[in-house]
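Structure, as structure tokens:
Please treat every number below as a calculation from the coordinates, not as lab data. Everything numeric in this text was worked out from a predicted model, so none of it was measured. Cβ placement follows ideal geometry from the backbone for every residue including glycine, while neighbour counts extend to all protein chains displayed.
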Amino acid sequence: MPEGSAARSTPIAEKRPAGESRRRGLTALPSAAYRLPRTAPLADPHARRRRRTAFHVAGDIVLLLLALGAALLGGTPATAGNIGWAFVYGALVLVLVGRAGGYRFRLEVSPFEYLGEVLVACLVAATAVISARVLTGGNETDAREIVRLWAFATMYLGAARVGLSIAARREDRPGLKTLIIGAGTVGHLVARRLHDHPELGLRPVGFLDKEPRDDPDDPLPVLGASWDLEDVARREGIEHVIVTFSTAPHEVLLGLVRRCRALGLEVSLVPRLFEEISNRVSVEHLGGIALLRVDQIDPRGWQFEVKYALDRVAAAIIVIAISPVLLTIAALVKLTSPGPVFYRQRRVGLDGREFDILKFRTMRVAPEDQQWNAEWAQRAIGEDVDVPVADPAKASEDRRTPIGRWLRRWSLDELPQLLNILRGEMSFIGPRPEQARYVPAFAQHVYRYGDRHRVKSGLTGWAQIHGLRGDTSLADRIEWDNFYVENWSPLLDLKILVLTLPAVLSGRAAE
């Protein structure tokens, strides 16, 4: 039914009024865009959020009481003053965690964010209480008691945050029912990402769009258009809304957001030019207009020069330290199958420069043309790649040697890349380098593929620790690689190094 039909009553029209006025170069929005719709809020869309918050606060209170009990055991005899200061410490921790957003719902990506908040809150609270006790005439014993309490509180709360993060990764976890406004390319990408990662806590149930993109393979239905928001929200029990891009004009999207808030729904917005938004965003205002200022890290700046210098120093130290291991693996490769010890392959790194990546050979030697996996390249970009395979049967043959299977299982075949790092061709952390023969086709067909070459290729990377290696989505891999480049920091590198170890031990790092 057309949007302007008398059978529909909408808080805002989707067409601009013919007499719309302009002043000072800005379009004057219809007054309807600023009127709150007269609609009753949903029954209780925040109920699950409040229960989650209450559970976390209650859990932290219990853990802080346990930390107090553990601190008192073996310590000095408890006094009323000690107990009072301990309760002050606990209250400060709760306030600081809450101020940092620790009890607010957000996409749960990694335990590191929550763990960092707990560590900082416990440390700041301990510093404040110790300072207060010194100023009020406390002694060295009083300070030691607070340090004991700080140690136990940090251990208990930190372990709880890691445990909750692991529990959140259950695939059967019931996420918040989420409505996606805009069934275009970005909307479908958001839906697929939420579906693939239930640990994020949002479960997509459908789209709202008057002119959705035709995608027969999409399992999510289009539940209606903008005027169906209230009906869809009540019928589906919507708890969260994500606004992406659609053909609706600005005032319609603004009206939809206001209607969501009137219904009591929380709203997330995908900003325009989201590819350029990094963690270094500040908000400035030009009158009533919000300006997002994005401070991007410079891949040509001094920070990366220091990073690359430290890489080479660390690579030299590690090569010397593990040289007996390297020599042992080299001997096993040479003795168990004929051929060279190292496997060399042309890869593309910083600024599109080619280099020979080094690996321990894990396969029997075969002609070069049998090593080109055109079938994988076709799946990766969704189109035909005009490079023939000499013998597809032989190309798909499993040529791994017995020692090669073991080396790949534990990613030990990657160790010679320490020499690539030592020569300045690679870094420890960065996008994995692609085969040179794939790059021209990928650069032509994959969105933002060339942007990943702004930094040196890495031995491990942000995409790899998220399982994006081998026969996985190339578009997702490039998205993760570019996220790393645009949000680089020493802390992010440290996080990747820490998460690489469990990826290797689980076998997920093997290509």
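Can you sort Tyr103, Tyr114 by how many other beta carbons sit within 10 Å, fewest first? Numbers along the way, then the final one.
On the way: Tyr103 18, Tyr114 23.
Listing Tyr103, Tyr114 from fewest to most nearby Cβ atoms yields Tyr103, Tyr114.
How would you classify the range 172-270 from its alpha-carbon gyration tensor, with a ≥ b ≥ c the square roots of the eigenvalues: rounded for a/c under 1.5, else prolate if a/b is greater than b/c, otherwise oblate? Present the calculation step by step, with values, prior to reporting the outcome.
Details: a/c = 1.61, a/b = 1.16, b/c = 1.39.
Oblate is the answer for the range 172-270, as a/c is 1.5 or above yet b/c matches or exceeds a/b.
Where does each of 359-365, 458-464 land if you order them by average Cβ count within 10 Å, highest first? The partial results should precede the final answer.
Details: 359-365: 18.1, 458-464: 25.4.
Top to bottom by mean Cβ count within 10 Å: 458-464, 359-365.
Within 10 Å, count the other beta carbons around each residue, average over each peptide in 471-479, 296-304, 441-449, and list them highest first. List each step's numbers first, then the result.
Values: 471-479: 18.1, 296-304: 13.3, 441-449: 16.1.
Per-residue mean Cβ counts within 10 Å order the peptides as 471-479, 441-449, 296-304.
Determine the dipole magnitude for the range 218-268: charges of +1 sit on the beta-carbon of Lys and Arg, -1 on that of Asp and Glu, nothing else is charged, the reference point is the Cα centre, and the result goes in debye to the nearest 20. Walk me through the intermediate numbers first.
Working: 5 positive and 8 negative charges, 34 e Å.
The dipole magnitude comes to about 160 debye.
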